[in-house]
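**Q** One structure, pasted below without further comment.
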Amino acid sequence: MLFKLIILGVIVYGIYKFFGGEVKFPSFNNKEKKEELEEENTMVECKSCGTYVSKKEALKYKDNYYCSKECIPD
């Protein structure tokens with residue numbers, strides 16, 4: 001009986017390691033995810049041309065946001 005438990009433990013451990021060795025549990029803290037999503041979807045104004053782009057897509061240079069490389073001053 002003890003031998004069967006040891007074999008079962010080895011098999012379970014092998015499966016665990018095969019799938020990356022991580023067990024991910026569902027997050028119950030959706031507030032943090034919601035804040036991160038809102039931060040990504042925030043619109044910012046290009047310092048050069050005034051176009052609004054999402055913060056996720058904007059380029060940041062010297063604490064200012066720009067819509068493209070062409071708008072960034074040399």
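The values are calculated or read from the model by the stated rules, or taken from the named source; none is laboratory data. Remember, it's a predicted structure, so these values are computed and weren't measured experimentally. Cβ sites come from the backbone with ideal geometry, for glycine too, and all protein chains shown count toward neighbours.
**Q** List, please: which pairs have Cβ atoms under 6 Å, are six or more places apart or on different chains, and start with a residue in the stretch 45-68 that is on the phi < 0 side of the Ramachandran plot and surrounded by fewer than 16 Cβ atoms within 10 Å (Cβ to Cβ) and end with one that is modelled with pLDDT under 90 and β-branched (Val, Ile, Thr)?
**A** Lys55/Thr42
**Q** So Cys71 ticks every box in (1) touching a helix residue (DSSP H, G or I) at 6+ places or on another chain (Cβ under 9 Å); (2) modelled with pLDDT of 90 or more but one. Which box is left unticked?
**A** (1)
**Q** Let me ask you something else. Identify the single condition in (1) surrounded by 10 or more Cβ atoms within 10 Å (Cβ to Cβ); (2) in a loop (DSSP other than H, G, I, E, B); (3) free of Cβ contacts under 8 Å to residues at least 12 places away in the same chain that Glu22 does not satisfy, given that it satisfies every other one.
**A** Of everything listed in (1) surrounded by 10 or more Cβ atoms within 10 Å (Cβ to Cβ); (2) in a loop (DSSP other than H, G, I, E, B); (3) free of Cβ contacts under 8 Å to residues at least 12 places away in the same chain, Glu22 misses just condition (1).
**Q** Among the candidates Lys34, Lys47, single out the residue that is among the basic types (Lys, Arg) and assigned to a loop (DSSP other than H, G, I, E, B).
**A** Lys47
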